[in-house]
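Throughout, read-outs are computed from the coordinates displayed, never taken from laboratory work. No experiment lies behind these values; they were computed from the predicted model shown. Don't worry about glycine lacking a Cβ; one is built from the backbone with ideal geometry, like all the others, and counts go over all protein chains shown.
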Amino acid sequence: MRVHFIAIGGAVMHNLAIALVNKGYAVTGSDDEIFEPALSNLRNYGILPDKFGWYPEKITSDLDAVILGMHAKAGNPELDKAVELGLKIYSFPEYIFQQSINKTRIVIAGSHGKTTITSMIMHVLKSQGIDFDYLVGAKIEGFDIMVRLSDAPFIVIEGDEYLTSALDRRPKFLHYKPKIALISGIAWDHINVFPTFEEYKEQFQFFIQSIENDGYLIFCDDDKTLSEVVKSSNWGGKVIPYNLLDFETKDGKTRIILKGDPPKYYPINFFGKHNLLNLSGAKEICKLLGINESDFYQSIISFKGAANRLQLVAENEHTTIFKDFAHAPSKLKATVEAVNLQFQHRKLIAVMELHTYSSLSKNFLAHYRGSMDQADIPVIFFDPAAIALKKLPPITIEDVFEGFGNKKLKIFTNPLQLQEFILQQNYVNCNLLLMSSGNFGGLEIMKLAEKIVTIGK
């Protein structure tokens, strides 16, 4: 099989390309820019393009498939050539479906927690020696790449609601048609694509209807919006709700409690009510796959979390520094609350970057009200250049103050000034939480964290 990737440098795209190389396919690709880690990963597998840019001469009639990434826009010369030649053109979710058409497809959806739930399931399955394929949106410990395609009988897929490609404006998760689906929650996001909350919710209605008629829908019953969507769906398959697991937090450690005489306790390496909800959903998926409760919890003891999800960056005896992908209001609030609950006797400095289309939209800022209130020192960073790059109307510091509604808020638009402020703080009995889907204007987080814990000793 000969497959060409248009925009091969994307996180999932380059991992899918590697997965096909591992299957023995002949893979080529193009992109106008490729960054790490994709650059090194593609080079290591011998499929890094010789030069960046779009080259229609790469599109030939002997290609079995062309896979189109979201980064490739309408009018792309390679795409136009593929259309002209009448080649089979797939988005990556369409191609994943084609590759898994005879497998049991398990899809994890929702506005938050997708990567964590998917990685929990993957960890448990691997621990139990079960063969499976997967697609996940972040690097997971114990897995070399983010996509695997083999002869395994089922595949676990992280399915998001963002647009599919330049040719297909539907959410990606509508292409997978799962046998087993999980929805973690619904909180308005991607307002550049779904301008109203009703339109956003509707995508999850469509997703539910895409589940096989004799399939399973697992959903977080603690989410009122999601519960209403599920109840109004009139879908005919088996519906399984999940709720928060029993747990306790003591001396900065969390453990699961299984009621009984005597009760059983399982220590875990992650924390926060949102992650305990994620764990509850993962458990229901694994149960359907034949894994009993005891084996599930025994496996999860060694799970350390997904990259950039309350990831431990550095620590000393009185300071712990985390980074997290949190950027939407619900994610932000849950993450701040989680660190506060885990370290009840420490102050918390919480730093968040406004980076997405939604977060940098003036009309959306009010949705962040109250999300940082549990931080002792709440800090917001945004880069006016990023706003201009996204071609959005500018926002002001006053707009951010008004949106968050927090008088303690510190706001920065210059990364060096932000760094200086962070370094000036007293970290005795104090934690630092860094939340962003970007990089705080280019700050070297690892070096910053090491400096803090070294100075604070």
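222 nm [θ] for the chain, helices only, -39500 (n - 2.57) per DSSP H run of 4+, per residue, to 500? Don't jump to the answer; show the numbers that get you there.
Working: 14 runs with 145 residues, N = 457.
Helix-only estimate at 222 nm: -9500 deg cm²/dmol.
Helices from the chain with mean Kyte-Doolittle at least -1.0 and a Cα length along the axis of 18 Å or more, per DSSP H: which?
Helix filter hits for the chain: 114-127, 197-210, 273-288, 329-342.
Considering only the chain, what is the antiparallel percent among its DSSP beta bridges, to the nearest 5? Provide the component values of the computation, followed by the final result.
Details: 19 of 71 bridges.
So the antiparallel bridges in the chain amount to around 25 percent.
Quick one: net charge around Gly237, please, counting Lys, Arg +1 and Asp, Glu -1 for every other residue with C-beta under 11 Å from its C-beta.
Numbers: positive: Lys179, Lys238; negative: Glu212, Asp214.
Charge balance near Gly237 sits at 0.
Of Thr196, Thr320, how do they rank once you tally other Cβ atoms within 10 Å and put the fewest first?
Ascending Cβ contact count within 10 Å gives the list Thr196, Thr320.
Once each part is reduced to its C-alpha centroid, what is the distance from the range 305-361 to the range 140-176 in angstrom?
26 Å
To the nearest Å, what is the center-to-center distance of the range 407-427 and the range 1-31, using C-alpha atoms only?
That distance is 41 Å.
Extension gain Ser437-Glu199, at 0.36 nm per residue separation less the Cα-Cα distance, in nm?
83.3 nm
Taking the Cβ-Cβ separation of Gln298 and Glu33 as r and a Förster radius of 51 Å, what is the calculated FRET efficiency to the nearest 0.05?
On the way: r = 44 Å, r/R0 = 0.87.
According to the calculation, E is roughly 0.70.
For every other residue with a beta carbon closer than 12 angstrom to the beta carbon of Ala338, add +1 if it is Lys or Arg and -1 if Asp or Glu, then tell me the sum. Spell out each step's value before the answer.
Working: positive: Lys273, Arg309, Lys331, Lys333; negative: Asp324, Glu337.
Summing Lys and Arg as +1 and Asp and Glu as -1 gives +2.
Once you sort the root eigenvalues of the Cα gyration tensor of the range 2-87 as a ≥ b ≥ c, which label holds: rounded (a/c under 1.5), prolate (a/b larger than b/c) or oblate (the other case)? Present the calculation step by step, with values, prior to reporting the outcome.
Numbers: a/c = 1.90, a/b = 1.31, b/c = 1.45.
Taking the square roots of the gyration eigenvalues as a ≥ b ≥ c, the range 2-87 is oblate.
For Phe343, Phe35, Phe381, what ranking results if the residue with the fewest other Cβ atoms within 10 Å of its Cβ goes first? Each step should come with its number before you reach the end.
Values: Phe343 18, Phe35 9, Phe381 26.
Final ranking by Cβ density, sparse to dense: Phe35, Phe343, Phe381.
Could you pull out which residues in the range 362-388 have an amide N less than 18 Å from a spot 7 Å beyond the Cα of Thr396, following the Cα-Cβ vector?
362-366, 382-385, 387-388
Evaluate 2.2 N^0.38 Å with N set to the residue count of the range 308-441, then give the Cα radius of gyration divided by it.
Details: Rg = 14.0 Å, N = 134, 2.2 N^0.38 = 14.1 Å.
Normalised by 2.2 N^0.38 Å, the Cα Rg of the range 308-441 equals 0.99.
Relative contact order (percent) for the range 2-87, with alpha-carbon contacts under 8 angstrom and 6 or more residues of separation?
Numbers: 130 pairs, mean separation 31.8, N = 86.
Relative contact order, the range 2-87: 37 percent.
What percent does the relative contact order of the range 80-158 come to when contacts are Cα pairs within less than 8 Å and at least six residues apart? List each step's numbers first, then the result.
Values: 89 pairs, mean separation 27.6, N = 79.
Relative contact order comes out at 35 percent.
Residue by residue through the range 57-68, what is 3J(HN,Hα) from phi via Karplus (6.51 cos²θ - 1.76 cosθ + 1.60, θ = phi - 60°)? Round to whole Hz and write x for glycine and proline.
5, 6, 8, 10, 5, 8, 6, 7, 7, 10, 10, 9
What ranking of Thr319, Thr254, Thr28 emerges when the number of other C-beta atoms within 10 Å of each C-beta is taken as an exposure proxy, fewest first? If you can, show how the numbers build up before the last one.
On the way: Thr319 23, Thr254 20, Thr28 16.
Ranking Thr319, Thr254, Thr28 by Cβ neighbours within 10 Å, fewest first, gives Thr28, Thr254, Thr319.
Roughly what % of Cα-Cα distances in the range 96-300 sit above 29 Å, to the whole percent? Provide the component values of the computation, followed by the final result.
Working: 4859 of 20910 pairs.
Summing the P(r) of the range 96-300 above 29 Å gives 23 percent of all pairs.
Normalising by the residue count of the chain, find the relative contact order in percent from Cα pairs under 8 Å and 6+ residues apart. Could the numbers behind the result be given before it?
Values: 901 pairs, mean separation 51.8, N = 457.
Rounded, it is 11 percent for the chain.
For Lys58, go through the lysines and keep the ones whose alpha-carbon is under 25 Å away, minus same-chain ones fewer than eight residues off.
Result set, ordered by chain and number: Lys23, Lys73, Lys81, Lys88.
All other residues with a Cβ under 13 Å from the Cβ of Leu392 taken together, and with Lys, Arg as +1 and Asp, Glu as -1, what is their net charge? Mind showing how you got there, number by number?
Values: positive: Lys362, Lys390, Lys391; negative: Asp383, Asp399.
It works out to a net charge of +1.
Could you sort the peptides 204-216, 300-312, 102-114 by per-residue average Cβ neighbour count (10 Å cutoff), highest mean leading? Can you show the working numbers first?
Working: 204-216: 17.1, 300-312: 18.8, 102-114: 24.0.
Descending packing order for the listed peptides: 102-114, 300-312, 204-216.
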